[in-house]
């Protein structure tokens, strides 16, 4: 099982890397798009490390994270819209570099890298806290409500992390337009959360009480 899981994880990792390189460097018209390599480095190196750790310590969680097949219609819609958003943002970033539409100051790019790293650490902490954290929206067998750590602050800390991760990608790539495209993630994730909470309210024991206890979804004091 571990060998099969390792193969699946490696295949998805390499396919994701190849697709991202094509989306960035083909529109850029060159491999000398250093912002593209910067994003690939800060995204895929930690991803590789996290995958190796999960494979060795929590293969059950890694298996859940590799499953991306949504069952709910609303969730499939959110995944499809997110995919379009990513493709558009990466292609535009490559074109922005190629035709020099807009420029960003280096300190802004460096600040975006710091923000991305902080969001990645937040994401890693969510993975550590929640053993039920699959990529798909579902109520698992024997699943329990997690209300400690970050889950004691907001109900969906993973989405809080991605809300910082994705827009920062556009800035790391040096493309203000890509940053604006990634802001479309806000309405996409709002719809996903609405449907997810409906499913959890109906199928997860104790979630209603947890929702009353932790008022905010992803941004403390705001929403």
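The values are calculated or read from the model by the stated rules, or taken from the named source; none is laboratory data. Given the structure is predicted, the values throughout are model-derived calculations rather than measurements. Reconstructed Cβ throughout: ideal geometry from the backbone, glycine too, with neighbour counts over all protein chains shown.
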Where residue 119 falls short, out of the listed (1) in contact with a helix residue (DSSP H, G or I) (Cβ under 8 Å, 6 or more places away or on another chain); (2) surrounded by fewer than 18 Cβ atoms within 10 Å (Cβ to Cβ); (3) at negative phi: (2)
Looking at 97, 116 in this structure, which one is part of a helix (DSSP H, G or I), at pLDDT 95 or above and closer than 30 Å to residue 60 by Cα? 116
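Just to check your reading of the model, which residue among 108, 104 is on the phi < 0 side of the Ramachandran plot and surrounded by 18 or more Cβ atoms within 10 Å (Cβ to Cβ)? Walk me through how you get there before you give the answer.
Values: 108 fails: surrounded by 18 or more Cβ atoms within 10 Å (Cβ to Cβ).
Only one candidate passes the filter, namely 104.
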Would you confirm, using the coordinates I've provided, whether residue 154 is under 17 Å from residue 74 (Cβ atoms), touching a residue at least 24 places away in the same chain (Cβ under 8 Å) and in contact with a helix residue (DSSP H, G or I) (Cβ under 7 Å, 6 or more places away or on another chain)? no
Filter result (in contact with a helix residue (DSSP H, G or I) (Cβ under 8 Å, 6 or more places away or on another chain) and outside any helix (DSSP H, G or I)) within the range 100-113: 101, 102, 104
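So how many residues does the range 44-63 have that are in contact (Cβ under 8 Å) with a residue 12 or more places away in the chain and either within 30 Å of residue 100 (Cα to Cα) or under 18 Å from the mean Cα position of the chain (by Cα) (or both)?
Going through the range 44-63 one residue at a time, the tally reaches 10.
Scan the range 126-138 and give yes if some residue there is farther than 20 Å from residue 66 by Cβ and either within 21 Å of the chain's Cα centre (by Cα) or exposed (fewer than 15 other Cβ atoms within 10 Å of the Cβ) (or both), otherwise no.
Taking the range 126-138 as the starting set, the residues that turn out to be farther than 20 Å from residue 66 by Cβ are none.
No, the range 126-138 contains no residue that is farther than 20 Å from residue 66 by Cβ and either within 21 Å of the chain's Cα centre (by Cα) or exposed (fewer than 15 other Cβ atoms within 10 Å of the Cβ) (or both).
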Within the range 1-91, helices (runs of 4 or more DSSP H) holding 1 or more residues that are surrounded by fewer than 13 Cβ atoms within 10 Å (Cβ to Cβ) and at pLDDT 95 or above: 2-28, 34-57
What number goes with the only condition from (1) more than 27 Å from residue 186 (Cα to Cα); (2) in contact with a helix residue (DSSP H, G or I) (Cβ under 7 Å, 6 or more places away or on another chain) that residue 58 does not pass? (2)
